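Structure, as structure tokens:
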Amino acid sequence: MLAYVTRRLWQTIPTLLGVVLLVFFLFTWVGGDPAYLLAGKISNPEQIENIRRQLGVDRPYHVQLWIFIQQIATGDFGESWATNEKVSSIFATRLGPSLTVLVPLLVVDTLLALAAAMLVAYVRGSLTDRMVMIGCTVGQSISILVYIIVFQYVFAYQLGWFPVQGWGKGLAENLFRFSLLPIIVGVIVSLAPDTRLYRSFFLDEINQDYVRTARAKGMSETRVMWVHVLRNASIPIITNVMIQLPGLLAGAFLIERFFSIPGVGREVILAVERSDFPVIKAVTIYVAIATMIINLIADLLYRVVDPRVQLK
Amino acid sequence: MTRAAALAIGVQRAESPGLWILAWRRFCRDRVGLASFLIVVFFFGLMTASGLHLIAADWSKEVGVNYAPPTFMGPEIPDRSLAAPESHGERAGEANPFDPLAGVLAEIRAASGAASVAEAQAPTLVFGGDRWGRDVLQKTIKGTETSMFVGLVAALLAAFLATVFGALAGYYGGWIDDFFNWFYSVFTSIPYLLLILAIAAVLNQKGTLTVILILGLTGWTGIFRLVRAEYLKHKVREYIQAADAIGASHARRMFVHILPNVSHVILVQLSLHVVLFIKSEVVLSFLGFGVGVDTVSWGSMLNEAQSELILGYWWQLAAATLAMALLVTGFSLFTDALRDALDPKLK
């Protein structure tokens, strides 16, 4: 186990290096000279030269790359170009609101989708199954933007059940007042694709021999479905949930923007609007690192769920 | 025809229909698939006609009054039209006698007034008007053209990259395979939307071509994985050994012999990615990182619709949503039918 984890961590180094190179390439070559972006309209050559020196972009590329790697290792990406706030403190203060919305969202969505998928998989081919599947297809075809716009308009603006947007101080106020509508919208948007996906995982298992054996032994349907089928279908389900985890750190871009939640996602959109490179660079690198770690945890979880899985 | 020709020269040969003909026959039996295919064809027609300026060519003309309601609702009660921001601006301008731009404004107003007197502005439009009185129906058609074009071309670009990368990686194996797998893992370790936004940030310019490049250059990973797996499977088969024996080059084996045998996988993925990219384009354009300001897409329409809805003008939102939902549903069902038709083993 330990040997496996060590080897996997060792293997992520080339990938991590690739991500660093990709981000460096994007922001150094494609992004153009940041001094011009920063100096803006009132640019004289001296000023631009000055900014270039401050940012270190007048130095050779390999020196810049080394500075970038040092920044990643120390977590010190300097200050935001737009607000002069330290990038590390941006990350620290924006992560809380993102997680307040996204963790309940992911939990509620996964549980509801599992229950719905199991139900329709159990009555597969019936009218209920077909109606739910058609509903999912149509629901999925509507843009997430429309859900947010309409829900915000109807439930917050017209009916006044929720605040239209905003963010408070305490966790309880944020979670039960400001996050409720964003969570509801998020669940509705992700419920349709997840139900469809999980249903197909359950259908793969439901016709297997071991299910028939379990029934022949006289097991209750609840036990067959919730213990035998669920455990066997859980490997692809874990994969799907794990894929969504790195997104928690990157925040929910659209939901945070619409509901003015001061999270990482909104910060990234603001940074893209202002060409605030240090913030985007930092978020991209750290989310990529988190993705790799989460992938490793997912592989370890497979082993816990299914002892037949060999860690190689 | 070939059968007739074969009979004519008197050769007894049992012709069996090919993969594509069989797939087409299976597809025709699928009624849902056929209906969705018609929807997709309809949208293709719409896109082509709009692209050739046959329809919706003058979508940017201000043919109606501001926020003209749809015809089936009847014209708006006059006092509500004061809510339009333009009328506020004009009244404020007239109220201020020290306005330094008053003279210039008056001139502009006279010029535009002279132009707009010639064409009377309709009180209602077929599916309503937007803030400037442009026909929402025509705008939707134009938006369909933009969004669909972006989705299609970006999907073609992504499929092309994925096919070339996947063919090289799967066929050659070894360090080439390692290299492309490394490339793949680099791209997939950054969440999709974050990667798109990062690239949008560095490109820092709007436009249809930019969106296509962003989506196409980042979206090849899923298709690559499948194409590579197919090439791994096919390169050891007998027909490739036979091709090697008759002296076919590597490139020929890859793209003339194997490619037709994996093309159904690519086709289904292509269709799947068109939908994905249309959705992404809408989000990008909505956020303002997508198509330019002089182009209309479903995303930019939804962006306008957001503030319109608060004033009670819902038709632009409804038009963009309906058009998109119809195309996306149609395309998704079409993709499912296509997959079923091309892979008889699945059923």
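Looking only at the stretch A:264-271, decide whether some residue is of a type in the set (Lys, Arg), in contact with a helix residue (DSSP H, G or I) (Cβ under 9 Å, 6 or more places away or on another chain) and within 30 Å of A:Phe151 (Cβ to Cβ). So far as the stretch A:264-271 goes, yes, one or more of its residues are of a type in the set (Lys, Arg), in contact with a helix residue (DSSP H, G or I) (Cβ under 9 Å, 6 or more places away or on another chain) and within 30 Å of A:Phe151 (Cβ to Cβ).
If the condition is being within 11 Å of chain B (Cβ to nearest Cβ) and either surrounded by 15 or more Cβ atoms within 10 Å (Cβ to Cβ) or at pLDDT 75 or above (or both), then the stretch A:30-62 contributes A:Gly31, A:Pro34, A:Leu37. Selection of the stretch B:153-204 for residues being among the aromatic types (Phe, Trp, Tyr), within 13 Å of chain A (Cβ to nearest Cβ) and either under 18 Å from B:Leu272 (Cα atoms) or touching a residue at least 12 places away in the same chain (Cβ under 8 Å) (or both) yields B:Phe180, B:Phe183, B:Tyr184, B:Phe187, B:Tyr192.
Evaluated against (1) within 23 Å of A:Ile148 (Cβ to Cβ); (2) within 8 Å of chain B (Cβ to nearest Cβ); (3) not aromatic (Phe, Trp, Tyr), A:Met292 falls short on exactly one condition, (1). Filtering the stretch B:279-317 to residues that are in a helix (DSSP H, G or I), in contact (Cβ under 8 Å) with a residue 24 or more places away in the chain and more than 9 Å from chain A (Cβ to nearest Cβ) leaves B:Ser280, B:Glu281, B:Leu284, B:Ser285, B:Ser300, B:Met301, B:Glu304, B:Glu308, B:Trp315, B:Gln316. Annotation: B:Trp315 fulfils all but one of (1) farther than 19 Å from B:Phe27 by Cα; (2) out of contact with any strand residue (DSSP E or B) (no Cβ under 8 Å at 6 or more places or on another chain); (3) surrounded by 21 or more Cβ atoms within 10 Å (Cβ to Cβ); the unmet one is (2).
Of the residues that make up the stretch B:212-223, is at least one over 29 Å from A:Arg274 (Cα atoms), modelled with pLDDT under 90 and within 14 Å of another protein chain (Cβ to nearest Cβ)? Yes, the conditions are met somewhere in the stretch B:212-223. All of (1) within 13 Å of the chain's Cα centre (by Cα); (2) within 11 Å of another protein chain (Cβ to nearest Cβ); (3) under 21 Å from B:Leu193 (Cα atoms) hold for B:Leu327 with one exception: (3).
The test for being closer than 30 Å to A:Val304 by Cβ, modelled with pLDDT under 80 and either out of contact with any Asp or Glu (no Cβ under 8 Å at 6 or more places or on another chain) or surrounded by 15 or more Cβ atoms within 10 Å (Cβ to Cβ) (or both) holds for A:Met1.
Being of a type in the set (Phe, Trp, Tyr) and over 28 Å from A:Gly247 (Cβ atoms) is a property that holds for A:Tyr210. Might you let me know whether the stretch A:126-140 holds any residue that is away from chain B (no Cβ under 14 Å), within 25 Å of the chain's Cα centre (by Cα) and under 28 Å from A:Gly263 (Cβ atoms)? There is no residue in the stretch A:126-140 that is away from chain B (no Cβ under 14 Å), within 25 Å of the chain's Cα centre (by Cα) and under 28 Å from A:Gly263 (Cβ atoms).
Here's the yes/no breakdown for (1) touching a residue at least 40 places away in the same chain (Cβ under 8 Å); (2) surrounded by fewer than 22 Cβ atoms within 10 Å (Cβ to Cβ); (3) under 17 Å from A:Ala113 (Cβ atoms); (4) more than 12 Å from chain B (Cβ to nearest Cβ):
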position	(1), (2), (3), (4)
A:Thr213	no, yes, no, yes
A:Met225	yes, yes, yes, yes
A:Val229	yes, no, yes, yes
A:Thr239	yes, yes, yes, yes
A:Leu245	yes, yes, yes, no
A:Leu254	yes, no, no, no
A:Glu267	yes, no, no, no
A:Ser275	yes, yes, no, no
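Please work out if B:Val211 is crowded, with 17+ Cβ neighbours inside 10 Å, without any contact (Cβ under 8 Å) to a residue 12 or more places away in the chain and closer than 30 Å to B:Thr295 by Cα. So B:Val211 does not fit the description; no.
Would you confirm whether any residue within the stretch B:264-274 is crowded, with 19+ Cβ neighbours inside 10 Å and within 14 Å of chain A (Cβ to nearest Cβ)?
Going through the stretch B:264-274, the residues crowded, with 19+ Cβ neighbours inside 10 Å turn out to be B:265-266, B:268-274.
Then drop every residue that is not within 14 Å of chain A (Cβ to nearest Cβ), which leaves B:272, B:274.
Checked the stretch B:264-274: at least one residue is crowded, with 19+ Cβ neighbours inside 10 Å and within 14 Å of chain A (Cβ to nearest Cβ).
Counting residues that are modelled with pLDDT under 65 and touching a Phe, Trp or Tyr at 6+ places or on another chain (Cβ under 9 Å), which helices (runs of 4 or more DSSP H) fully inside the stretch B:83-195 reach at least 1? Give the derivation first.
Details: elements: B:85-95, B:102-118, B:136-172, B:174-188.
By residue number, B:85-95.
The residues of the stretch B:301-347 that are among the hydroxyl-bearing types (Ser, Thr, Tyr) and more than 18 Å from B:Val283 (Cα to Cα), listed by number, are B:Tyr313, B:Ser332, B:Thr335.
The values are calculated or read from the model by the stated rules, or taken from the named source; none is laboratory data. The structure presented is a predicted model; accordingly, all values stated were derived computationally and were not measured. Note that we place each Cβ from the backbone using ideal geometry, even for glycine, and neighbour counts take in every protein chain shown.
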